[in-house]
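K.L.:
Pasting in a structure now, in structure tokens, and then I'll have a few things to ask.
The values are calculated or read from the model by the stated rules, or taken from the named source; none is laboratory data. Note that this is a predicted model, so its numbers are computed, not measured. Here the Cβ is made from the backbone with ideal geometry for all residues, glycine too, and neighbour counts use every protein chain on show.
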Amino acid sequence: MLLIRGGRGGHGVGGGSLRAPPPTAARAFATSLALALAAAGCTDATAGARTQDAPSHEEGAHEAPAGGAAVDEAGPSQGAADSTVRTPDAWSPPRVLPPGDASSTLHDARVAAFAAGTGGSLHALFLRGSEEPGRPDRLLYAAFRAGRWTEPETLDGDARRIASPRLAVDGGGRVHALWLRGPDAAHPERLSAVAHRVLAAGRWSAREAVYAGGADADLPDGGLDAAVDGAGAVHVVWPHPARGLVHLAWSAGRWRDMAPPGAAGADLRLIAGPRGALALADVMPMLGALTQSAGAYGNAWVRTAGADGAWTQPLGLHPDPARAAHAPQLAWDRRGVLHAVWLEGTPGEMLPTRLMYASTVDGRRWSAPVEAGGEAPGRAFYSPRLAVDGAGTLHLTFARFRDGVSFPRHFHASLAGTRWSAASEILPVEGERYSELETAVDSDGRLNAVWKAADGRYRHSVLTARTH
């Protein structure tokens, strides 16, 4: 039985993983996971995707539900899945990372970001949360180059708390690492700064503070994301305590202010799309009178910006006061269709039990939401990811727990035309594993996956063939 640990730092609720806790710990974990998901979501690293096949969209759209986007009711089968779990896809034999004895250095760390670079390289950030009060967290970096993973190196080892690590590779091939950090020993749980380092010509720059808040600053975990636009500029967003969402862009060695997206939510997801467009998803409370009755329940919202940098108003993906939304993920395809998946709770359930999907052509009208991955055996969903490979295929990966928050299994599906394939378990022969799995599409257009196996060592594999 394998569990993730509560208290998330990047794309997921975590900072490490636990195995087989006693029942009391499991119940406490379930509660902390639910609270963490509602407050910060379970989001992290790579996004920014493109695809070829896309759902069709009708011109007619019905009136939007209160506080939400107009939805297309004409295509309820959009994104529908086949009815059974299919034969597993073909993945390359998993390699241990890093190799040899160095693999044990990541035993108590969680993969927090995974991104592709130039020349077939891959880059990963691992977050090691301290179990002892007063001791700092550590942010570790490893890379895959020339067919081999490097040994991890420390990017930040003196922060009292580290959260939401992100990676972005700019147009010049430089690797940018951004994260939230809490340097204040008097308030070890408080996140008050945005840190940034750049890897260029084989050397990391000194850490710079993109933002350094005062003693009262308290940034939300899950409240930072980054993306690279078509011109190679790095965009980063995070919620400022007084200004709402801050949006900066890095190019030519400096940061510049961009048009602010507006009100700040939690669990941010930023991606870049065609012709300089950006899309931002987050989780915010329901608007209007429903907010009072819905309590902490929130909806997944999406806003977009064109080449002029002006942001649209947020549009709700599936406003429903009885369901809490978590972990929105976005991907843009080659035809300009924007795809979204997110998790939803079921009334009376503490954990998300539905994985939802919708898409939009114009950013103003979304297709009617449908469930995806429902044929995968299990109960609670976790850690969905979207990625688009070099052939233009949209891939969905996710974890599903067999019973509550134990026995996670990883699944993969792809969008073929207007339908999701049935979910296929990822390398079932590998047996038990920890719950988080991150994906990235390399410069050769292949889908790569990284996860932690039951022995505490990380594995890396490449999707080589699909069974449908």
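K.L.:
Restricting the search to the stretch 377-388, which residues are touching a residue at least 40 places away in the same chain (Cβ under 8 Å) and under 25 Å from residue 333 (Cα atoms)?
P.N.:
Result: 382, 383, 384, 385, 386, 387, 388.
K.L.:
Now for a different question. Does residue 349 count as among the acidic types (Asp, Glu), modelled with pLDDT of 90 or more and over 25 Å from residue 229 (Cα atoms)?
P.N.:
no
K.L.:
Shifting gears a bit: Any chance the stretch 153-161 includes a residue that's over 25 Å from residue 437 (Cα atoms) and among the hydrophobic types (A, V, I, L, M, F, W, C)?
P.N.:
Checked the stretch 153-161: at least one residue is over 25 Å from residue 437 (Cα atoms) and among the hydrophobic types (A, V, I, L, M, F, W, C).
K.L.:
Next question, about the same structure. Restricting attention to the stretch 424-441, does a residue exist that is surrounded by 24 or more Cβ atoms within 10 Å (Cβ to Cβ), within 28 Å of residue 316 (Cβ to Cβ) and among the aromatic types (Phe, Trp, Tyr)?
P.N.:
Looking for residues that are surrounded by 24 or more Cβ atoms within 10 Å (Cβ to Cβ), within 28 Å of residue 316 (Cβ to Cβ) and among the aromatic types (Phe, Trp, Tyr), one finds none in the stretch 424-441, hence no.
K.L.:
If you scan the stretch 315-360, which residues turn out to be under 16 Å from residue 399 (Cα atoms) and of a type outside the set (A, V, I, L, M)?
P.N.:
326, 328, 329, 342, 344, 345, 352, 353, 354, 357
K.L.:
So, one more: Within the stretch 458-468, which residues are surrounded by fewer than 17 Cβ atoms within 10 Å (Cβ to Cβ) and either in a loop (DSSP other than H, G, I, E, B) or among the basic types (Lys, Arg) (or both)?
P.N.:
Selection gives 467, 468.
K.L.:
Quick test for you: out of 124, 159, pick the one residue that is in contact (Cβ under 8 Å) with a residue 40 or more places away in the chain, among the aliphatic types (A, V, I, L, M), in contact with a strand residue (DSSP E or B) (Cβ under 7 Å, 6 or more places away or on another chain) and crowded, with 20+ Cβ neighbours inside 10 Å.
P.N.:
124
K.L.:
Same structure, new question: Given (1) farther than 25 Å from residue 299 by Cβ; (2) part of a strand (DSSP E or B), identify the lone condition not met by residue 354.
P.N.:
(1)
K.L.:
Please state which of the following conditions residue 334 fails to meet, knowing it meets all the rest: (1) in contact with a His (Cβ under 9 Å, 6 or more places away or on another chain); (2) surrounded by fewer than 19 Cβ atoms within 10 Å (Cβ to Cβ).
P.N.:
Unmet for residue 334, out of (1) in contact with a His (Cβ under 9 Å, 6 or more places away or on another chain); (2) surrounded by fewer than 19 Cβ atoms within 10 Å (Cβ to Cβ): (1).
K.L.:
Looking at the stretch 320-344, which of its residues are in contact (Cβ under 8 Å) with a residue 40 or more places away in the chain and in contact with a helix residue (DSSP H, G or I) (Cβ under 8 Å, 6 or more places away or on another chain)?
P.N.:
Listed by number, the residues that qualify are 324, 326, 327, 332, 334, 336, 343.
K.L.:
Just one of the numbered conditions (1) touching a residue at least 60 places away in the same chain (Cβ under 8 Å); (2) assigned to a loop (DSSP other than H, G, I, E, B); (3) hydrophobic (A, V, I, L, M, F, W, C) is not true of residue 168; which one?
P.N.:
(2)
K.L.:
A follow-up question, please. Among the residues of the stretch 250-265, is there at least one that is part of a strand (DSSP E or B), touching an Asp or Glu at 6+ places or on another chain (Cβ under 8 Å) and modelled with pLDDT of 85 or more?
P.N.:
Yes, the stretch 250-265 contains at least one residue that is part of a strand (DSSP E or B), touching an Asp or Glu at 6+ places or on another chain (Cβ under 8 Å) and modelled with pLDDT of 85 or more.
K.L.:
So in the stretch 164-199, with the set limited to residues that are of a type in the set (Lys, Arg) and crowded, with 24+ Cβ neighbours inside 10 Å, which one is modelled with the highest pLDDT?
P.N.:
Taking the candidates together, the pick is 166.
K.L.:
Still on this structure, please answer the following. Looking only at the stretch 172-187, which residues are more than 23 Å from residue 268 (Cα to Cα) and in contact (Cβ under 8 Å) with a residue 40 or more places away in the chain?
P.N.:
Within the stretch 172-187, 172, 173, 185 qualify.
K.L.:
Only residues in the stretch 389-402 that are without any contact (Cβ under 8 Å) to a residue 12 or more places away in the chain count as the first member; pair them with residues that are surrounded by fewer than 22 Cβ atoms within 10 Å (Cβ to Cβ) and not in a strand (DSSP E or B), Cβ under 6 angstrom, at least 6 apart or cross-chain, and list the lot.
P.N.:
If the second residue must be surrounded by fewer than 22 Cβ atoms within 10 Å (Cβ to Cβ) and not in a strand (DSSP E or B), no pairs are left.
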